[in-house]
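Report on the following structure.
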Amino acid sequence: MAKAKKVKEFSRQVTQRFLQAMKQVIALEKEGITTRSEFAVIIGEYGQNISKMEQGSRYPTLESICRICTIFKVNPEWVLLGEGDMWNVEGGSKTLMKRLNEIESSIKKIEKLEKKAKKK
């Protein structure tokens, strides 16, 4: 049961950082984005999914996290781990993609744990 709580808390924290990044993208008008709807379209989500994230009933997908990181130069370590700056100032796309692949592997492990926790 403790693992399920940890996974849920981790997912909640990732969602909060994802939404914080979205708000900053809109506030700074990065890539010309000025609304949540425009943001949702760019990252391949439905607006209702963003609303569900804000309500705490949905988490961002790995694909959405990858898109926010690559399109808007958000630091994946910040989104997933809360480490470093929000904006990816260090690196080229090779560094970013390598890190995203590592993160994708970690998320798949977390998703498996989450599925096991739901079955119990």
Report task. Could you run through segment 50-63 and say how many residues are surrounded by fewer than 17 Cβ atoms within 10 Å (Cβ to Cβ) and either among the small types (G, A, S) or more than 17 Å from N101 (Cβ to Cβ) (or both)? Result -> 7
Query raised in the report: If C66 satisfies every condition in (1) modelled with pLDDT under 85; (2) crowded, with 19+ Cβ neighbours inside 10 Å; (3) more than 19 Å from R12 (Cβ to Cβ) but one, which is the exception?
Result: (1)
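Within segment 52-76, can you find the residues that are in a helix (DSSP H, G or I) and free of Cβ contacts under 8 Å to residues at least 12 places away in the same chain?
K52, Q55 - these are the residues of segment 52-76 that are in a helix (DSSP H, G or I) and free of Cβ contacts under 8 Å to residues at least 12 places away in the same chain.
Mind checking which residues of segment 71-120 are of a type in the set (D, E), at pLDDT 75 or above and closer than 21 Å to M22 by Cβ?
Within segment 71-120, E77, E83, D85 qualify.
The values are calculated or read from the model by the stated rules, or taken from the named source; none is laboratory data. Keep in mind that what you see is a predicted model, and the values were worked out from it rather than measured. Positions of Cβ are backbone-derived with ideal geometry, glycine not excepted, and every protein chain shown enters the neighbour counts.
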